[in-house]
Structures are given as structure tokens and as C-alpha cells.
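The values are calculated or read from the model by the stated rules, or taken from the named source; none is laboratory data. Everything numeric in this text was worked out from a predicted model, so none of it was measured. Because the Cβ atoms are built from the backbone with ideal geometry, glycine has one as well, and the counts that use them run over all protein chains shown. These accessible areas exclude ligands, DNA and RNA; they are computed on the full protein's heavy atoms, side chains included. Shrake-Rupley method; radii C 1.70, N 1.55, O 1.52, S 1.80 Å.
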Amino acid sequence: MINIGKNIEEYLPPEILTLVKAAGEIAVSRGQSVYLVGGVVRDLFLKRRNLDLDLVVEGDALPLARQLAKGRDGKLVTHPRFGTATFKYGAYSIDLVTARSETYPEPGALPTVKPGSIQDDLLRRDFSINAMAVSIDPARFGDLVDPYGGKSDLDRHLIRVLHQRSFKDDPTRVWRALRYEQRLGFRLEFDTTTQLRRDAPIMERISGDRLRHELERILEEDYPEKVFYRGERLGVLRNLHLALMGNGWLGEHFDMAREACGSPKPNKNLYLALLVWRIEDEALKNFVERLKFGGDAVRVLRDIPLLKQAIPALAASELTPSGVYHILEHHRPETILAGALVTDSALVRQRLELYLSSLRFVELSLNGDNLRRMGVPAGKKMGAMLKALKEAKLDGKVITREDERKLVRSWLKKGKR
Ligand code: CTP
């Protein structure tokens with residue numbers, strides 16, 4: 001029996017270690033057993049930081065979760081229907097679930113669940129490296145439960161499914177496999193690769209929401225392009241969407257995105273815009289519908305064809321800053337930045353960047369009220385004057401509030417506008 005109690009004590013910060021040990025003590029007092037499982041066990045061996053702890057309880061997890069949260073400064077959310085609870089404790093999120101076994105009524109469907117042992121619970125998991133548990137009961141603290149050779153696969157840098165039906169049961173595992181492989185610098189085990197390719201088309205049967213969730217998780221990786229590229233080489237990227245491309249262009253532009261944002265994690269919608277930039281309009285529409293995008297993402301995605309149409313006007317040799325502003329004012333900053341990263345024209349890029357870095361922030365000092373007090377009647381005339389004033393400001397013809405007032409007075413004097 002391998003015991004990694006010492007590693008846990010070194011790996012977890014003291015306050016989390018205390019909490020984990022308390023969970024073990026509560027479990028024992030209730031006649032239950034509790035384990036750390038999944039990603040955190042994997043990352044503990046790999047010495048990678050992981051702020052999401054998963055605890056599996058043999059028996060009902062909810063009373064244990066409530067007792068654990070009691071008197072502690074954190075937030076507990078329970079889901080009685082699923083026998084699960086999440087305890088947010090500082091930067092950590094601790095999931096407590098009842099050990100269960102799962103059976104899949106048909107490929108790609110959601111599983112039927114019933115309470116089970118820790119072995120059952122590990123068997124329902126995706127890959128051997130994610131199917132290890134560590135006891136946190138006081139008498140067995142640190143004992144490793146590894147029925148499927150997870151530790152040996154970790155040492156050999158392998159991503160391996162637990163059984164033949166794994167990808168059929170849950171085709172989202174295709175993307176999970178490639179994410180872990182690329183994140184950890186591991187490789188897919190031979191039979192796992194064959195099964196992944198064989199079963200990837202079953203992705204067609206899963207809901208748009210589940211598919212989108214996987215895509216979003218890819219985009220949260222440090223180098224999402226590696227996952228898309230690997231998916232393309234394996235011939236499965238088309239199962240995420242037929243029109244997607246994952247070749248070198250994508251990596252080059254994701255790199256540029258990280259540099260432009262000065263951050264290793266640019267806005268997800270910027271990545272998304274680059275991912276679909278080369279797709280035809282019709283296919284893009286289909287992609288948005290299939291993956292059921294909503295919120296900001298859908299606004300960015302729908303803006304792409306519109307911005308593409310607008311971009312040629314930005315190449316005109318004579319264009320004032322206010323002209324640039326009017327071309328771009330209704331477009332999304334993420335789309336515009338994607339356009340700037342993609343364009344071959346230095347002039348167009350310069351104008352897109354001018355808009356992003358300054359024009360979009362330009363505000364007048366005077367408002368309608370100020371103009372009214374200066375004698376401008378409310379209505380169309382005022383609207384036109386405010387617009388002309390903003391253009392003057394965008395073009396650098398007025399700078400201060402006093403400049404704005406002077407310009408309005410000169411217009412009133414001439415009786416124009
Ligand atoms: N899991 C699974 N099949 C899935 C999703 C999850 O078997 N389709 C299991 C794995 O054992 C995984 C655990 O549930 O380790 C928790 O899921 P998740 O939080 O998605 O995985 P992590 O391994 O924590 O992944 P990450 O490091 O990307 O957060």
C-alpha cells in the first residue's frame with residue numbers, strides 16, 4: 001500500500017489541510033469513509049497547483065458537508081437531489097459528493113446514478129490518472145486507492161481510459177483527453193487513441209451546451225491552440241464543428257493575442273473570435289446555433305461578419321479619426337482586436353488600434369444641458385451639434401471644455417447647424 005500522507009501535508013496549505021483532516025474525523029464519527037479524488041490527487045503527484053478539491057464520501061455526503069461548514073467562515077451550497085455540496089473556502093472550492101456508480105443507458109446520454117463504493121466511483125471516471133483516491137480517514141490518512149494503474153500511467157506520461165466504452169458513454173472525454181494530454185505534455189495511450197478516433201463522431205449526439213462547455217474549458221488552458229491542433233491531426237476537430245481549423249495560423253494568432261493583451265490569459269471571446277475568423281459566414285451561423293452561444297460570446301461571434309464587411313473602408317487613404325470612429329463605433333472591442341491581429345494591412349491595423357486605444361474613450365465635456373443653457377434648442381439641432389462637436393474632438397480640433405464652448409458659440413453666431 002502506497003501512503004502519501006506526507007505529500008498531502010506538504011502540498012496543501014495549513015488551513016486547507018486542517019479542513020481536510022476535519023472532514024476525515026467527521027466521517028469516522030459518522031461511520032463513513034472519505035477520500036480526496038480525481039484532479040487533486042493527480043496534481044498532488046505532479047506538484048501542480050489545484051484549487052478545486054474533490055472529496056468522495058462512502059455514504060451520504062450532505063450531513064458531513066454541513067457539519068464541516070459549521071462554524072467555518074466559508075459558503076456552503078448543497079444540491080440534495082444529487083447528494084452533492086460545494087464549500088467555498090478562501091481561494092479553494094471543495095466539492096463533497098456521495099460515492100456512486102454510473103451506467104449509461106445509451107451512448108452520449110446522461111448516466112443513471114446510484115450510491116456505491118469508492119471503487120465504483122473511480123470506475124465511472126474518465127482516465128486512469130483521474131481515477132485515484134487518497135483516504136483522509138485519520139487511521140488511514142494518505143493511503144492511496146489506485147485500482148486502475150493511475151500512478152503508473154502518471155509515471156509513464158500516459159492518458160488512458162478505464163474501459164472500451166468510455167468515449168461512447170461520454171464523448172466529451174475526447175476533448176478532456178486532448179486537454180490533459182496537451183496541458184501535461186503527456187500522450188494518449190495506443191488503444192485509447194484508437195477508441196477516441198472511433199467514437200469521436202458520437203459527439204454529434206451531445207447537447208450544444210455540453211459541447212460549448214468543453215470548448216470553453218479548452219479556451220481556459222494556457223495554450224488552447226495545442227488542443228485544437230492535436231484535434232485536427234487526429235481528425236476529430238471536425239466533430240466539434242466541421243468548419244474549424246487548428247493549424248499553425250491559429251497558434252501564431254493566439255500567441256499574438258497573449259502578447260497584445262500583455263497576459264497569459266487573454267479574454268476568452270478574443271480567442272473565440274480568432275478560432276472562427278476564417279470560417280464562412282453561413283458556417284459561423286451554424287456554429288453559433290449548434291453550440292448554443294449566449295451573452296457576450298454571441299455578440300462577438302455575430303459581429304465578426306459585420307466587421308469583416310466594414311474593414312475595407314478602413315483602408316481608404318484619406319480618413320479622419322472621426323471617420324474611423326463612425327466605422328467602428330458599433331463593433332465589439334474583442335472583434336476589433338481580433339481584426340487588428342488578423343489584418344495584413346499596416347494602415348488598417350493602425351486605425352483599428354487607434355480606435356481601441358483612444359477613440360472609443362473620447363467623451364465630450366459638454367452635454368445637452370450645457371448646450372441648452374448656451375441657447376441651443378433641444379431636438380434635432382442639438383443632436384446634430386453634439387455629433388459635430390464629438391467629431392471635432394475626435395479629430396483633435398477641440399481639446400478642453402473651453403474649446404468646446406468656443407466652438408458652440410461660433411456656430412451659434414454664424415447661425416449655422
Ligand atoms: N470526470 C470524469 N468524466 C468527465 C468529467 C469529470 O470522469 N466527463 C471526473 C474525473 O475524475 C475528474 C473529476 O471528475 O478528475 C473532476 O472533474 P473536473 O473538475 O472536470 O476535472 P479535473 O481533473 O479537476 O480537471 P481540471 O484540472 O481541468 O480542473
Calculate how steeply helix 380-394 sits against the longest principal axis of the alpha-carbon atoms of the chain, using the helix alpha-carbon long axis, and give the answer as 0 to 90 degrees to the nearest 10.
70 degrees
Debye, to nearest 20: dipole size of the chain, +1 on Lys, Arg Cβ, -1 on Asp, Glu Cβ:
2080 debye
With the 8 Å Cα cutoff and a minimum separation of six or more residues, region 290-417 has a relative contact order in percent of 22 percent
Please state, as a whole number in µm²/s, the translational diffusion coefficient that the Stokes-Einstein equation yields for region 368-414 at 4 °C and 1.567 mPa s, with Rh defined as the Kirkwood radius across alpha carbon pairs.
122 µm²/s
Give the accessible area for Glu363 in Å² (nearest 10); use a 1.4 Å probe, count only protein heavy atoms, and leave out ligands, DNA and RNA.
130 Å²
Hydrodynamic radius by Kirkwood, which averages 1/r over all alpha carbon pairs of region 83-188, in angstrom:
15.2 Å
Using only Cα atoms, tell me the angle between helix 190-199 and the longest principal axis of the chain; keep it within 0 to 90° and round to the nearest 10.
60 degrees
Residue-count net charge about Gly185 - beta-carbon cut-off 13 Å; Lys, Arg +1, Asp, Glu -1
+4
Limiting things to C-alpha atoms, what are the Rg and the maximum Cα-Cα separation (Dmax) for region 1-51, in angstroms?
11.5, 32
Tell me, what % of the accessible area of the chain is carbon and sulfur with a 1.4 angstrom probe?
50 percent
Over region 295-361, how many percent of alpha carbon pairs lie in each 10 Å bin up to the one with the longest distance?
22, 60, 17, 1
Got the relative contact order for region 90-175 handy, in percent, Cα pairs under 8 Å and 6 or more residues apart?
25 percent
Cα centroid of region 336-381 to Cα centroid of region 226-245, whole Å
39 Å
Hey, got the Cα dimensions of region 276-320 along the principal axes, in Å, largest first?
42, 21, 11
What size of dipole, in debye to the nearest 20, comes out for region 368-414 about its Cα centre when the only charges are +1 on Lys and Arg C-beta atoms and -1 on Asp and Glu C-beta atoms?
220 debye
Over the Cα atoms of the chain, Rg to Rh with Kirkwood Rh, two decimal places?
1.12
If region 46-93 were replaced by its equivalent ellipsoid, with semi-axes equal to the square roots of 5 times the Cα gyration tensor eigenvalues, what would those be, largest first, whole Å?
20, 14, 9
The chain: relative contact order as a whole-number percent, Cα under 8 Å and 6+ apart
9 percent
Out of Arg360, Arg230, Arg173, any idea which swings most in a Gaussian network model of the chain, alpha carbons joined below 10 Å?
Arg360
Stokes-Einstein translational diffusion, region 52-136 - Kirkwood Rh over all Cα pairs, 0.890 mPa s, 25 °C, in µm²/s
178 µm²/s
Amide H within-cut-off set for Ile159, under 5 Å, with H built and near neighbours excluded
Arg187, Leu188, Glu189
Among Leu122, Asn7, Pro105, flag the residue with its Cα farthest along the positive direction of the charge dipole of region 1-156, charges on Cβ as +1 for Lys/Arg and -1 for Asp/Glu.
Asn7
Using Cα-only point scatterers and the Debye equation, what is log10 of I(q)/I(0) for region 190-331 at each q in 0.10, 0.12, 0.14 Å⁻¹, rounded to two decimals?
-0.40, -0.56, -0.73
What do you get for the angle between helix 333-342 and the principal long axis of the chain? Use alpha-carbon atoms, 0 to 90 degrees, nearest ten.
90 degrees
Could you tell me what percent of the DSSP beta bridges with both partners in the chain are antiparallel, to the nearest 5?
75 percent
Could you state the principal axis extents of the C-alpha atoms in region 1-156, from the largest down, to the nearest angstrom?
44, 38, 28
Considering only C-alpha atoms, what is the centroid distance from region 66-87 to region 148-200, in Å?
32 Å
Counting DSSP beta bridges with both ends in region 30-98, the antiparallel % (nearest 5)
75 percent
Given the protein chains as shown and a 1.4 Å probe, how many square angstrom of Ser135 are accessible, to the nearest 10?
0 Å²
In the neighborhood of Leu76, defined by Cβ-to-Cβ distances under 13 Å, what is the net charge if each Lys or Arg adds +1 and each Asp or Glu adds -1?
+3
Where nothing but the Cβ of Lys and Arg (+1) and of Asp and Glu (-1) is charged, how large is the charge dipole of region 1-54 around its Cα centre, in debye to the nearest 20?
140 debye
